[in-house]
Each structure stands twice: as structure tokens, then as C-alpha cells.
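Reviewing the structure listed below.
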Number of protein chains: 4
Amino acid sequence: MIVVMKTDATEAQILDVQKHIRELGFKDHRIHGEERNVVAVLGHVYPELVDELGVLEGVDTVVRISKPFKLASREVNPYDTVVRVGPVEIGGGSIVVMGGPCSVDSEDNVLEAARAVKAAGGHILRGGAFKPRTSPYAFRGHGERGLHILAAARQETGLPVITEVMDPRDVELVASYADILQIGARNMQNFVLLDEVGKAKKPVLLKRGISASVEEWLLAAEYILSHGNRDVILCERGIRTFETATRFTFDVNAIPLVKQLSHLPVIGDPSHATGKWSLVQPVGLAALAAGADGLIIEVHPNPDQALSDGAQSLTPKNFAKLIGNIRTLGNALGRPLAPPVEDEPVAVRRIG
Amino acid sequence: MIVVMKTDATEAQILDVQKHIRELGFKDHRIHGEERNVVAVLGHVYPELVDELGVLEGVDTVVRISKPFKLASREVNPYDTVVRVGPVEIGGGSIVVMGGPCSVDSEDNVLEAARAVKAAGGHILRGGAFKPRTSPYAFRGHGERGLHILAAARQETGLPVITEVMDPRDVELVASYADILQIGARNMQNFVLLDEVGKAKKPVLLKRGISASVEEWLLAAEYILSHGNRDVILCERGIRTFETATRFTFDVNAIPLVKQLSHLPVIGDPSHATGKWSLVQPVGLAALAAGADGLIIEVHPNPDQALSDGAQSLTPKNFAKLIGNIRTLGNALGRPLAPPVEDEPVAVRRIG
Amino acid sequence: MIVVMKTDATEAQILDVQKHIRELGFKDHRIHGEERNVVAVLGHVYPELVDELGVLEGVDTVVRISKPFKLASREVNPYDTVVRVGPVEIGGGSIVVMGGPCSVDSEDNVLEAARAVKAAGGHILRGGAFKPRTSPYAFRGHGERGLHILAAARQETGLPVITEVMDPRDVELVASYADILQIGARNMQNFVLLDEVGKAKKPVLLKRGISASVEEWLLAAEYILSHGNRDVILCERGIRTFETATRFTFDVNAIPLVKQLSHLPVIGDPSHATGKWSLVQPVGLAALAAGADGLIIEVHPNPDQALSDGAQSLTPKNFAKLIGNIRTLGNALGRPLAPPVEDEPVAVRRIG
Amino acid sequence: MIVVMKTDATEAQILDVQKHIRELGFKDHRIHGEERNVVAVLGHVYPELVDELGVLEGVDTVVRISKPFKLASREVNPYDTVVRVGPVEIGGGSIVVMGGPCSVDSEDNVLEAARAVKAAGGHILRGGAFKPRTSPYAFRGHGERGLHILAAARQETGLPVITEVMDPRDVELVASYADILQIGARNMQNFVLLDEVGKAKKPVLLKRGISASVEEWLLAAEYILSHGNRDVILCERGIRTFETATRFTFDVNAIPLVKQLSHLPVIGDPSHATGKWSLVQPVGLAALAAGADGLIIEVHPNPDQALSDGAQSLTPKNFAKLIGNIRTLGNALGRPLAPPVEDEPVAVRRIG
């Protein structure tokens, strides 16, 4: 950490900063610059120190040098994390595709979507039983009944299931049905919820918040990792910017950046990131070309009947076409599409 | 709601859209424009209809006309909501100031801050017992012990107390100590938590999320209102933009805009919005000049010892100076500083 | 255009709006909605009408329906524009790569970079003779001497040359040396300059402004097209968002969106969009997977000696590696790398 | 400047960085941290050095310590700059109000607006003769005829005139009519134009770009100052953010921040920053409460006939009301409204 003094800081102020640093148990190291003095702080500093030193007299700014995340960092753990979900490996060098409806609506629609995902070569079934909705008057999901429907679809197809959990009181319930717990973008900094899924025995897919920096995203992962749950999958789903022509802006830069900073697998969600089904394929392929370990895609047999997000859902036919293009692209990239899931169903793992 | 057809939409596609609208129970109304056709949808439409119609063949875009919030809207309720908290009225035409430390640290510091807030003419004591923190390694608050300390400070000074609640399981506990429940910016769309505070019998201060639009903010208020809790206070605390010279960008436009759109009181938080104590006074006065009903300000007797956000905390001396300037400004604006809180303590209202 | 009236608008106000519309020469069409009235405006409306009608009494908002760009629109011209630059075709279905140093520094470096671009299979040489610089104290380019150096490199390698023009007074000069005129991001709405390059007889590469919406970008292209210059190439180079971990955020969504909205070719600039050489390859490949017609890449023989933007420049070796990966990717996408440029130099076309 | 090495940087890489720093003529200073090494660079560093050192092997990041603007900096010149325009002083402790139509349309309208500005107590007449317009099909101003109209209005009222210049070839012409040259937001980084107005003998009002950081804004001022023109007035006019409920977001934080960083006067433009006349007064008063030295306000006798930006223009009646409120507020703030301009016209100063 570097404390930058003002150009007109007095000698007494500089000495006071140095004394303060030593009193907190760190080593100080003063550098006389051309324009101003700076004082380096040596030792295992913590982020809050920026504030504590920043208020001292004569200080201009305090600059942090070390990265605040540890367990999520590739500097600490250089080896790629591979998350295993039943027969599927995420982050192991092949491309994994999750597909399914935004909301779990009728059992028929979910089963039809699940069969379509399986038939096309997708690996994991997605679907929301608990839905975060901007308006209190919108459909908020079928809750536990939705979880039952997802489990039935898994029973038939063998596809592992991912679904969102929003309430810390529901983590145990959702974990008893789902194979992957999803933390939605709005809850990326719901620290109470992160603590709970950190204690769960299921992999967690952590969506990036729409205004979260890459650093904050990795710190949210750190919350989960710090409770001992090492099976964290990151998911870029678009950030909020000034551009309104698309629903969000898919931050494709973040994909290779996070792969450099962290050992965790990263997947892309082009459905939410664009909000338009006609952009899902090009942006999905772009995410993979940038290095993503997989995609999560909204698929609905009848997009115009979907209870949410129909505009961004692919039909089964378009989903199959996308998977075909992923297969070709994956081969060119040297990261082939993961093998199809076998028919034997994944055991339904209820806790307790 | 207006369905805008593509310029090359076929007659069959337009008729199909009209049929679809009627099947959903709405009236359709077609307009032949110079370049393209549009179809108006008449009736009590819901926001999701944008998606449902947007996926039909030949549709270019769907434009929403009506506002999605109702109970929060001034069109529905033209009269200013006044929230009463013990002896203090928020939104009633005079300026209310909340002050206190970011985190509840030691009992001594909180008591000293509370006395300073009271002595200067502040009305409500703020302080965090449960703290949302970006890093899992940072101080996360003293929890219930912090609530005790706040209650003790109220006992001595008579100042009502506001504190944040983060966990839906803690709402009852926090409501048993606090006079106002605060929903932090990161939880503005934690709908589970909004539901719980909507059912609580205490006023709620709802901070705007750092990337929430004004519409989403009012929809979050709608969640609370829809459960029957009408005592909602809005708080602008800065949005995230490209500018990094300040911690956030205080959206001063939002103050008069929200006063026009909604009947709910609005206060400003210049401490978090700027991140720098030297900007707190000018931005706080700006919020008031723009029409805010009050301010919430971080005050700490020793900012360099604060366990969080010291850089943006005012000393008691600077807080008193700010209150003096608010008094002068309020008189000029015709919205005087609210009268001081009397010494008789507010009864500690424990539920049950 | 749709005029949305307030819920409490009076009959007289609505009639006044209708009268106003007719007086301006448009047709009016009133719709009685459940909550409020709206009035459609029929005819060849212009964007400013939003303002003119928005100030009338009783009006809530005015919503624009038609797109403000015409010549740039695929609705008007459905066929892909192909821009021919000497032997190179941009937008014709194969991938074109432009490479070279950010600034033209020494003749040796530029020649070395040009040879490397050629040898690797790149098609066009880029290099800045006039450089926009944030600080007045930074190196601002060699001016006409830089143009001479670029022409010499073309003479030797046969690669057509692209370079930026910043001053409307320099358009003729730059056009006498360059094969493509580049408009930088900061000048995307320098309308005086757009007018001048619209009158020039050279293709124009139009970079998207860092805070320009897709609509504004296409309107800037419309300026150039409206002067009769149809050879416009669009270039996405990253937008400014809250994220600071990369220099800008590459808006990959914009690539397929613009291809849908417009017939103009679009290329990507991953060097400026990321600011880090280690992200150039993954983001460049992503742009192509999303549908870009080509890339523009900074290449410098000695990045640590570059007079600007060294941190984002590829070495010749890494550039060659990138081209190899583009070749593989392009084949998989069905859009192969364009054939190499032959040795015969493009004639130096001086005006006059 | 601080070079932060990677945690796994080798000794040879660190020594190479130190050698590189010395070869460039700076002093190096190595610090052994707990996690990693950092190397301080001592001497008169330049911003580009960040790039030059950032590409060396083993370097993680390079952190700039000193501020890149000098002449604009309060550290260099602690005394407030006061810009004198005829009888008006900007930045001298009293509040100055500029008012007038967005575009110069008819002579009658401009004269009527000018009389209204004068009568209400405004100090300077604004009006656009050259208008930057997003679309090439919109009204772009009357050009020199507009300048004549402004000069006629000054002749009658005595109000100095401010008007925008967009083309470097027009600077001399515009300076021959105007008392203040305005650089619009879109041209804040049109460095060619900044150079030209830096050489002009007239004060310059420099609007902040809609996506310009405070640092970039002050660097743009530095361009003008570096040519010897010390009469620069800064103008905050709103930045582009994700919020679309208002046209831009007025960055009120920037007002006191810039007053701390720089000695230049700062005014606010609530008309463009909000895009809605009903928000102009509250946001304008907020700007003043935050410390602005004045305001620039759109005033039009008939907003519904304005050729641009009618929706954000005040009527003369509302402008007079605003001035009344500014007078009251200014007295409370200790920064009174500047005295009215006397009737004797300012001499028309034609160059040459």
C-alpha cells in the first residue's frame, strides 16, 4: 500500500503518517519524490487501511497494491479448478452448455425443453423455480413445485439441474433438488446468501452483478470459497452501461481477464446479456472464442408463451443450430464440446 | 403499450399480432404510419407483455406507455407521504438530519457521536450493527451487541435510531431495537428482504442501488408498500458511473424527479455518494437545494479510528458546522431545519 | 411518433396537441387508453419533433418510433456494402486484418512493423501520423513526415495504408497519402470533420465514440454517407463503463446488432478496447466469432519503445500467432481470412 | 510513479525494470514488500511512462502518483482565477447567470429572450449560431447570420454574448462577434479546436464531455491554458450514465471537487444536464449550493417553437422566478447574485 502525500504536506504530517503505520503493526518506508513524498506500507495490509490512512492530515490518496482476493486468485492457486457435476466437468478444457427455460412454467414445457437440450447435445438443464422480478406484480416462480418439475425432468433425461436460490432460508431446500445452486446477478453481493451457499455441499454458479467490477465479483466468490466450498463457477451475464440498444452489455473482456486472474471456470450467459434471441448465437460464440468454459442459454419450446424473458429465448431448433456451431467452433479452438450426457439418470440427491 | 412492426412486416404478421393481443384479453388498435404499422394495446397491460409480444414475427419493438409502479406513484396518490418516527416528521416540509458512525464500534464512540449529533441539532442517530462488506475478511459489524449500543444511545439522547438489516431472518430482531429499518444499496433488489420489511411495523429507509434506475427504485418501494407498510423513505446515495475521482456519482437530478413521480419522502446520503469528507457539505447542501427532505451523514468522533468509511466521516465539529449551514440554507429555501428532539427518550419499542 | 398524455391531461390539452400536430403538417390519430390518451403522429416526422411536442401542456412523454438513420440502414438498403481498398475487400465475407504501430515513430520501426504485418498475412498497414492525446504535453505525432513514412512502407510492401485525420483542414493532405481515412473515437461527433471526409474520395473508417450509442454511431456514419461517400467502415473499439480493470469495455453485442441494423462493414479494435496485449487475441477472436468483418491490431517491433500505447501492442511474433488463429477460426466460421496482398505496390494516389 | 511487480517476478526481471528506469533518466527506488516488490520511479515523469514500463516482463501494473495537469492545478496556482467579460466577473465570489435560447432562430425571438434575461437580472446572453446535431438532417444553426443577431441583441441590452465554435477555421470569425467562446461537450477533446481557442484573445467556456473524467476535463483546460489563454471557465453539463429518466446525470460531486483541484471558475448547465425544464430550477440551485460560480440556462420566449431543445427551455417568467430564487439562495450562501449589467452596451470588439 502506498500513501501519497500532498505536495504541501509538512514534515510533521509525514512523520505522523509514518508513526501511525508503525503503531498499526506495519513497516513504513518513505520515498522522497520530485514533487511529493510517498510512504510505502509493508506487511499484510487489509483493504480498510486505505480509509484509515486516507483521513490523516496531509495525505492526498492511498493506493492499494495487492489484490484483495486470495482463494480465488491464480497467484495463490495456479491450477484450473474443474467443477464436477454428475457426469459433467466444467472448466476441464471442453465446452459445457446449460439450457432451459428462464422460468419453470408448466411440467410439459420444461420436459419438452429438457428433451430438446438433451437431444441437441446440451449438458445441464436450467430453469427458475424462484424468480427475482423487478415488479412485485410479476410472476415470481412456482417455488418448490418448480423444483419438483426440474427433478422430474432430470429423472427422465439424466441432465443435471441448475436453479437459482434467492433466500438464505431456502438454500437447504434448493440444494436437496438441484445439482448446481445459482446466485443471480442481483444477489451477487447478498453476503448473507453467499455465506449460506458457501456452507452448502453443492457447486455454486455465481453470476456477476450488473454493476460489479471484476474485483468485486472475485471477492464475492471469495465469500463462498472462504466457507470451504471450492466448487464455484463464475458467469458473465452482461453489465449495465449507457447503451440501451441491448438489455445489457456483455463484457467479453472480462472472460479472458478473469481466466488470467483466477483459476475458477467462467461461463457466459448471452441470453440475459443481450435480451434478444437473434443476438444470442453470435455473442455466445464470441464468449467461447474469448475463452469461456461454457454457456448458459434460455431455451423454450414456445417463446411467446414463456412466463418471463421470451424475447431472449431460443426455440429448440435454434438451440440445436447453436450447438452445431459450438461444436465446429470448439474443434477449431481446441476446446471441443463436452461429450453428451448418458441416459442413466443422475441420482436425485436429497439432503437428510 | 405500442407494438412497432418492422417496415417489411407482412399483412399476415400484423393480423397475427392483433389476434394475439385480443386472445390475451386486450383491445387492439392499428395505426397505418408513413413508414410502418404500429398496433396499440389497450387495457390493463403488465410489463411482461413487452416480452410476450416482442417475440412475434414481424415485430420490431414494443414500447411501454404506462408506469409500472402504482402505490408509489404521485399519479395515484398526489399527497406527500409524511413518515413519523417518534417526535420526528420526515417529508413534512422541514429538513431532517440523521447522523452517526458508519459502523457501531465501541459504546463510547457511539455515545460520543450520538451526543454530538444531538448537540448540533441532528434528529436521528444512524449506525451499522450488521455491515455489508465487499471482502469476507473485513469487519462485518457487532450484530445484536451493536443494536444494544444503539438502544443505549437512544436511551440517553432521545434520538430515534436507524440501522441496516441485511438478513430476512433478522428483520424481527432489528425491528425490536430500531426505529427505522435501513435497506442498503446492495439489497435494493433483494426481494425476499423487501417482502419481510414490508410486513414489519417499522418505517423503512430504502437506499437506491448503485446501478438502479429511478423506475427500479420506485418498484422496490412498491414491493414494501404492497405489503401494507406505507412508511417508506427513499435515499439517494450515489450511482456507479465511469467517474472514479469520487466513490460514486450523486444523482442530484433524481431528487426532484422522484419528488415529481412519487409522494414518498427522499433524503440524500452525501457521505457514501462522495467517499470524501471534504465533499460531504457541498453535496449535502446541493441535495437540499434540489428538494431533498433531509440528509444522512456519517459522523465519527475519531474518523481515523473508524472501523469503516473513516475517509467520508465528519468530525463532530464539522457536523455542527454543516448543521449551521443547513439551518441558513433551509430558511432561504422555505424549508427550515426540523426542531430539535426533546430530551425525553423515545420509548424502546420491543415487539412481543 | 407517439405523444403520451398525462393521466390528468384535460380534453382541451389533448385537442391542443392534436391541433399542433396538424398545424405542423402531420396527421394526428388519437387513441383512448385505459389509463391515459395517446396521440400518434403520422407522416415523415423528424427527431426534433420530440422536443417540440414534449413541451406542450398535458404531455407526459413523446416516443419516437422510426429510426433516425436512413442511408446507413439495412431497412433502406438490404445488401451488404463492400468497401474496396486497392486489392482488399472489406465486408465481402472474408476477414481482413489491419496492423501496425499506434504512432508512426521512426521509419525503421514502421518498415519493420509493415514487413511483419505483410509476412504474417495481414492486409492493411495502420499507423498514426496525427495523434489525439489527452495531455497537451504528450507526443502528438510526426504529422506530414509520418505520412511520408507510411507511404514508403506501402511502396515497399504493397499494403494499403490507414491513418487518422483530426483536423478538417488536413483532410485533403491526409487523403493524398492514405488509402483509408480514420476518424478516431473522440471525433465521432466532430460534425465539421465528418462533413469533410464525407466529401473526400477515400474510404473512411469510423470509430465508435467511447460513450456513443449504436444509434449515434450510425447517425455519424449517416453524416458521411449523406455527402455521397458510401465507403464507410465501422469500428467498435470499446465503450467507457464503470469497469476499470480494462481500459474500455469491448461492446461485443454491438457487432451483430450493427450487422442487423446496417449494411456497412464492421471491424473490431481489441487493442484499444482492452489496453492490454494479453487480452488482444481472445477479444479479437471474440469479435470475429460475433460477426466482425475484420480487426485492427496494434503491432510494434519493440512495444517498450513505442511512443504511445506500448502496453497494448503485439510483437510481430504474437501478431503472426494471432493471424494463424484467425485463419483457423475463420475457416470454422465459414468466413476465411482474406487472401494475402500481392507484392506489386498499390499506386501512390496523390490528389492534384 | 510506482511499478508493481508480479508476485512471481524474477530477480532478473526486477533488475531489468530498474535498469530501464535509469536509462530513461529517472531514479529508481526498490521496495521489498511482503507479497511482492515495487519500484518507485523518481523524477519528472510523464503519463506515457505508464505504458512504457507496463510492457516490461514481470510487471503487474504501473501506478501514477502525480497529477498530469499543471497550469489548471490549484497545487500550482492556489488563487482563484477571475474571468472578466466586459462588466461581468466570473469566479470572483458572486453568482453569474447566462441565459438565452439554445439555437439562435429569429432575430425577434433572440431579442425577446435577451430582454427577458436582462430584465430578470441575468448577466450574459447565450445562443447557438453553429449547432452540433446528432443527425445530419437536423437544423444546424444560422451561422454568421446568427452571430449578427447575437451582436444586435448585445447592442441593445448591453449583455455580453457567449456562443459555441465548432470549427477551427471559424475561431477568428466567432471571436470577432462573441465575448466568450464556448467549446461544446462533444468537442472537449477536439484538440485541434482547443489549440485554436487557446490562441484566441477571448475567454473560453469549456463544457465537460459527456464521458470525460474530471482529470480529462482539466487536461482539456490545460490545452487552452498552455497556449497562454488563461481565461478558461469550466462548465459541468451532465455525464452519460445508465440512467435514462433524465437526459444526462448532472455530476454535482464534480463541482466542489474541481474547485478543490483547480483555481478555474466552474458553472453549471442544468438545462442540458436534465433535458426537462421542470428540473432546471432544482438542479440549478443544487449546483450553486455545491459551490458553482454561476449557471447557464436555456430561455426561450416560446419553447414550443424553439428549433432545438424546447423541452428544456424556461419561459421568461420561469427564468425570472429562478433568478429570484438564486438571489435568495446566494445571500444565504454568502455568494450574492452579481450586480445587473448596466445599459451602456459593451463595445463590439471585432478583431482586425
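The values are calculated or read from the model by the stated rules, or taken from the named source; none is laboratory data. Note that the structure is a prediction, hence the values are computed from the model and not measured. Please note: Cβ atoms are built from the backbone with ideal geometry, for glycine as well, and neighbour counts cover all protein chains shown.
I'd like the residue in the range A:51-60 that is within 11 Å of chain B (Cβ to nearest Cβ) and over 30 Å from the mean Cα position of the chain (by Cα) and, out of all such residues, is surrounded by the most Cβ atoms within 10 Å (Cβ to Cβ). Restricting to residues being within 11 Å of chain B (Cβ to nearest Cβ) and over 30 Å from the mean Cα position of the chain (by Cα), the top hit is A:Leu53. The condition of being surrounded by fewer than 21 Cβ atoms within 10 Å (Cβ to Cβ) and in contact with a strand residue (DSSP E or B) (Cβ under 6 Å, 6 or more places away or on another chain) holds for only one of A:Arg84, A:Arg74, A:Arg133, that being A:Arg74. The requirement of being among the polar types (S, T, N, Q) and over 30 Å from C:Pro303 (Cα atoms) is satisfied by D:Ser106. Out of C:Val165, C:Val174, report the one residue that is within 14 Å of chain D (Cβ to nearest Cβ), of a type outside the set (Ser, Thr, Tyr) and touching a Ser or Thr at 6+ places or on another chain (Cβ under 7 Å). Only one candidate passes the filter, namely C:Val174. Determine whether A:Phe139 is touching a residue at least 60 places away in the same chain (Cβ under 8 Å), assigned to a loop (DSSP other than H, G, I, E, B) and touching an Asp or Glu at 6+ places or on another chain (Cβ under 9 Å). So A:Phe139 passes the test. Among residues belonging to the range C:202-226 that are without any contact (Cβ under 8 Å) to a residue 60 or more places away in the chain and assigned to a loop (DSSP other than H, G, I, E, B), point out the one that is surrounded by the fewest Cβ atoms within 10 Å (Cβ to Cβ). Only one residue fits best here, namely C:Ser213.
Just to be sure I understand, how many residues within the range D:198-234 are away from chain C (no Cβ under 13 Å) and under 27 Å from B:His272 (Cβ atoms)? So the answer is 1.
Taken as a whole, the structure places A:Val252 among residues that are touching a Ser or Thr at 6+ places or on another chain (Cβ under 9 Å) and either closer than 20 Å to B:Arg247 by Cβ or of a type in the set (A, V, I, L, M, F, W, C) (or both). Filtering the range A:312-341 to residues that are among the hydrophobic types (A, V, I, L, M, F, W, C) and not in a helix (DSSP H, G or I) leaves A:Leu314, A:Leu337, A:Ala338, A:Val341. For the range A:154-190, the set of residues classified as assigned to a helix (DSSP H, G or I), free of Cβ contacts under 8 Å to residues at least 40 places away in the same chain and not aliphatic (A, V, I, L, M) consists of A:Pro168, A:Arg169, listed by residue number.
Which residues, taken from the range C:246-262, are surrounded by fewer than 24 Cβ atoms within 10 Å (Cβ to Cβ) and charged (D, E, K, R)? Result: C:Arg247, C:Lys259.
Taken together, the residues in the range C:227-236 that are surrounded by fewer than 24 Cβ atoms within 10 Å (Cβ to Cβ) and not acidic (Asp, Glu) amount to 4. Scanning the range B:2-25 for residues that are facing another protein chain (nearest Cβ under 9 Å) and not aliphatic (A, V, I, L, M) yields B:Lys6, B:Thr7, B:Asp8, B:His20.
Quick grid of which residues meet (1) within 11 Å of another protein chain (Cβ to nearest Cβ); (2) surrounded by fewer than 24 Cβ atoms within 10 Å (Cβ to Cβ):
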position: D:Ala292; (1), (2): yes, no
position: D:Asn302; (1), (2): yes, yes
position: D:Gly310; (1), (2): yes, no
position: D:Gly324; (1), (2): no, yes
position: D:Arg335; (1), (2): no, yes
position: D:Pro340; (1), (2): no, yes
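The set of residues in the range B:248-267 that are assigned to a loop (DSSP other than H, G, I, E, B), more than 7 Å from every other protein chain (Cβ to nearest Cβ) and under 14 Å from the mean Cα position of the chain (by Cα) comprises B:His263, B:Leu264, B:Pro265. Looking at (1) within 19 Å of C:Tyr223 (Cβ to Cβ); (2) more than 12 Å from every other protein chain (Cβ to nearest Cβ), which is the one condition that is false for C:His148? The failed condition is (1).
For the range D:101-108, indicate whether the set of residues that are surrounded by fewer than 20 Cβ atoms within 10 Å (Cβ to Cβ) and within 14 Å of another protein chain (Cβ to nearest Cβ) is non-empty. No - not one qualifying residue is present in the range D:101-108.
Of a type outside the set (Phe, Trp, Tyr) and within 28 Å of D:Pro316 (Cα to Cα): does that describe D:Ala185? Considered against the rule, which asks whether it is of a type outside the set (Phe, Trp, Tyr) and within 28 Å of D:Pro316 (Cα to Cα), D:Ala185 comes out as yes.
With respect to the conditions (1) within 12 Å of another protein chain (Cβ to nearest Cβ); (2) surrounded by 22 or more Cβ atoms within 10 Å (Cβ to Cβ); (3) β-branched (Val, Ile, Thr), B:Ile180 lacks only one, and its number is (1).
Checked against the criterion of being in contact (Cβ under 8 Å) with a residue 40 or more places away in the chain, closer than 30 Å to B:Ala152 by Cβ and in contact with a helix residue (DSSP H, G or I) (Cβ under 6 Å, 6 or more places away or on another chain), the candidates B:Gly58, B:Gly100 yield just one match: B:Gly100. Filtering B:Val280, B:Val266, B:Val299 for residues that are assigned by TED's automatic domain parsing to the domain that holds B:Thr246 and closer than 14 Å to B:Ser103 by Cβ leaves a single hit, B:Val299.
Residue-by-condition table, conditions (1) over 23 Å from B:Ser73 (Cα atoms); (2) at the interface with chain D (Cβ under 9 Å from one of its Cβ atoms); (3) more than 14 Å from the chain's Cα centre (by Cα); (4) charged (D, E, K, R):
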site	(1), (2), (3), (4)
B:Glu243	yes, yes, yes, yes
B:Thr246	yes, yes, yes, no
B:Asp269	no, no, no, yes
B:Ser278	yes, yes, yes, no
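State whether one or more residues within the range D:61-74 are basic (Lys, Arg), more than 12 Å from chain C (Cβ to nearest Cβ) and free of Cβ contacts under 8 Å to residues at least 60 places away in the same chain. There is no residue in the range D:61-74 that is basic (Lys, Arg), more than 12 Å from chain C (Cβ to nearest Cβ) and free of Cβ contacts under 8 Å to residues at least 60 places away in the same chain. Restricting the range D:26-48 to residues that are over 18 Å from A:His44 (Cα atoms) and facing another protein chain (nearest Cβ under 7 Å) leaves a set whose member that is nearest to the chain's Cα centre (by Cα) is D:Pro47. When the strands (runs of 3 or more DSSP E) confined to the range C:1-118 are screened for residues that are within 30 Å of C:Asp293 (Cβ to Cβ) and out of contact with any Ser or Thr (no Cβ under 7 Å at 6 or more places or on another chain), those reaching at least 1 such residues are found at C:83-85, C:88-90, C:96-100.
Taken together, the criteria exclude C:Leu193 from residues that are away from chain D (no Cβ under 13 Å), on the phi < 0 side of the Ramachandran plot and either at pLDDT below 95 or assigned to a helix (DSSP H, G or I) (or both). Could you list all residues from the range C:188-228 that are out of contact with any strand residue (DSSP E or B) (no Cβ under 8 Å at 6 or more places or on another chain) and polar (S, T, N, Q)? Answer for the range C:188-228, where residues must be out of contact with any strand residue (DSSP E or B) (no Cβ under 8 Å at 6 or more places or on another chain) and polar (S, T, N, Q): C:Gln189, C:Ser213, C:Ser226.
On inspection, B:Arg237 does not qualify as in contact with a Ser or Thr (Cβ under 8 Å, 6 or more places away or on another chain), charged (D, E, K, R) and at negative phi.
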